[in-house]
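What follows draws every value from the coordinates through simple rules; no lab data is involved. The structure displayed is predicted, hence computed values, not measured ones. Heads up, the Cβs are rebuilt from the backbone with ideal geometry, glycines too, and the neighbour counts pull from every protein chain shown.
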Amino acid sequence: MKKLIKLTAAMTLSVSLLAGCGNSGSGTGSSPEGDGSRGGSETQSSAQAGSESVVSEDDSAREERTEGGYSITLMLAQSSYSEEAFSRIREKFSDIYDISLEYEVIPDAQFTNLSQVRVSTGEAPDVIFANVPAAYSTYDAPNTLVKMNDQPWMSRLGMDTKAIEAQDGGLYGMPITGFSGVMGVIYNKDVFETLSLEVPKTYDNFLEACETIKQSGVNPLYLSFKDTWTTQIVPMIYFANLLDERCDEVYQQLNANQMSFADVPEFKQALTDFQALFDTGYVNEDYIVGTYDESQAAVAEGRSAMMVCGEYAVNAILEKYPDANIGMFPLPYNDVDKVMTAKYVYALCVPNAAANVEQSLDFIDKFSQADILGIYLNANSVNSPYSDVASENINDVLQGMYDSYLNAGKFVVQVGDIIANFSSLNDDVMFPAYINISQGADIDKEISNIDKNVKEYGESLGLEGF
């Protein structure tokens, strides 16, 4: 079959699909969202959670969908594209449904702005791979994306969608993952074993481990700020761990303009300790130009002992370096033994300006079926959102984190869940601030600039309270 992939900016695609980072379409490292009520049980594989109510689609239901014979362009960020998995998905669409699938792959740093422009100017692709509900503010969803509450796949969902609904109750994207985000320290077990290091349970223990690793000649911690979405993960964990049980309360007040970041002493403390990290010699000297790809290689190969990232990085490392001996543990800042999570899912969104909305909706419905979605889920080791589609390839590293932390309710929530409501605030303001602070900038001035922009963005977007 002819390979149909449109490469924007003539780049080389080598990054495995992230279910996470968070990337700036992303995750935000973790990008984004939900209410504070989600318990650990919802983070189980939906196939397990819904095992008593498995729904099987009969032949007549499948015949009700259109027969195919059309073309679809799916736009997605570079870090969300996995060559092997998406090639298989493309082949399946051709073989089973006679649908020609083309991928428009955009560099991470350009994805948010470029996709916004395309959607707002009526030159949208047929389908956008996005982080939901972060995408709602990014694209002004009620005015630009198709509301999907009446779509046939809704009845098959094995998850509560409240946390990913827009303020009007609408669901503007079809979930292709369940809740499964965990962010913490990914480490090379061989390095730890060689140096007789235990997994640190306190922040002092963590810094002591970093010192031992540094003295051995191995870089303790690899940060990758060239991929700017990764700048947010460490300071967000620090902030969330300081707030702990108060995360939802404080985030809601920030989101409603009832307080500013300057009013939250824990935010300044988090940024102060984040800045201090760069004076220790524990971070790679080239962190400003370090890349997400290189962070994976450095930890997998033992050149760096640790990186701080999300579950998507575990999947990426094990896909590219199957012999890597890695593990994961919470970053124990403030001596909090919890992982940071984000209430978001990855989803397929259909712009109102798509060339043929009905075909786009038919395409994503087909994508939700086991013969297609199963390829994606098993390539990325993430939870399934559907009761009739199993995720059968969650690796031992993540299964352990899900069982010990998410399913046990031992998690804090990232502030990115509310920052995502302010459109491109992360890319435009937050990420540059984190970089400036890492290089010694005045923290009070950076916080003042953040608050100024939060207010301006909130007012321009017409957010409640601004």
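Have a look at 116, 256, 234 and report the one farthest towards the positive end of the charge dipole of the chain, computed about the Cα centre with Cβ charges (Lys/Arg +1, Asp/Glu -1).
116
Counting DSSP beta bridges in segment 183-341, what percent are antiparallel, to the nearest 5? Provide the component values of the computation, followed by the final result.
Working: 10 of 14 bridges.
Around 70 percent of the beta bridges assigned by DSSP in segment 183-341 are antiparallel ones.
Cα centroid distance between segment 202-277 and segment 396-436, in Å?
Using only Cα atoms, the two centres lie 11 Å from each other.
Please compute the net charge surrounding residue 335, taking Lys and Arg as +1 and Asp and Glu as -1 over other residues with Cβ under 11 Å from its Cβ.
Details: positive: 201, 338; negative: 204, 244, 337.
Neighbour charge sum, excluding residue 335 itself: -1.
Would you list which lysines come within 20 Å of residue 410, measuring only between C-alpha atoms, while excluding same-chain residues fewer than 8 positions from it?
Straight-line reach from residue 410, under 20 Å: 201, 338, 343.
With θ set to phi - 60°, apply the Karplus curve 6.51 cos²θ - 1.76 cosθ + 1.60 along segment 340-347 and write out the HN-Hα couplings as whole Hz, x wherever there is a Gly or Pro.
With the stated coefficients, segment 340-347 comes to 8, 10, 9, 8, 8, 9, 8, 8 Hz.
I want the antiparallel fraction of DSSP beta bridges within the chain, as a percent rounded to 5.
Numbers: 21 of 41 bridges.
DSSP beta bridges in the chain are roughly 50 percent antiparallel.
Can you spot the lysines whose alpha carbon is less than 24 Å from residue 452's alpha carbon? Ignore those fewer than 8 places along the same chain.
In chain and number order, the partners are 268.
How are the C-alpha pair distances of the chain spread across 20 Å bins, as whole percents from the shortest bin up?
Percent of Cα pairs in each bin: 26, 59, 15, 0.
Rounding to the nearest 20 debye, state how big the charge dipole of segment 183-341 is about its Cα centre with +1 on each Lys and Arg Cβ and -1 on each Asp and Glu Cβ. The partial results should precede the final answer.
Numbers: 9 positive and 25 negative charges, 35 e Å.
Charge dipole of segment 183-341: 160 debye, to the nearest 20.
So who's got an amide H within less than 5 Å of the one on residue 412, skipping anything under 5 residues away but keeping other chains? H placed 1.01 Å off N, in plane.
339, 340, 341
Enumerate the calculated ³J(HN,Hα) couplings along segment 171-180 in order (Karplus 6.51 cos²θ - 1.76 cosθ + 1.60, θ = phi - 60°), each rounded to whole Hz, writing x wherever the residue is Gly or Pro.
10, 9, x, 8, x, 10, 9, x, 5, 7
Please state the charge dipole magnitude for the chain, taken about the Cα centre, from unit charges on C-beta atoms (+1 on K and R, -1 on D and E), reported in debye and rounded to the nearest 20. Mind dumping the intermediate values first?
On the way: 28 positive and 68 negative charges, 104 e Å.
So the dipole magnitude of the chain works out to roughly 500 debye.
Give me the lysines in straight-line cross-link reach of residue 320: C-alpha distance below 18 Å, same-chain residues under 8 apart excluded.
Answer for residue 320, where 18 Å is the Cα cut-off: 189, listed by chain and number.
How large is the charge dipole for segment 100-239, taken about the Cα centre, if only the Cβ atoms of Lys, Arg (+1) and Asp, Glu (-1) carry charge, to the nearest 20 debye? Spell out each step's value before the answer.
Numbers: 8 positive and 17 negative charges, 22 e Å.
Dipole magnitude for segment 100-239 comes out near 100 debye.
Please report the spacing between the Cα centers of segment 337-356 and segment 146-183 in Å, no decimals.
Between the Cα centre of segment 337-356 and that of segment 146-183, the gap is 9 Å.
Spelling out what I want: for every residue of segment 136-143, take phi, set θ = phi - 60°, compute 6.51 cos²θ - 1.76 cosθ + 1.60 (Karplus), and round to whole Hz; glycine and proline get x.
4, 7, 4, 10, 6, 3, x, 9
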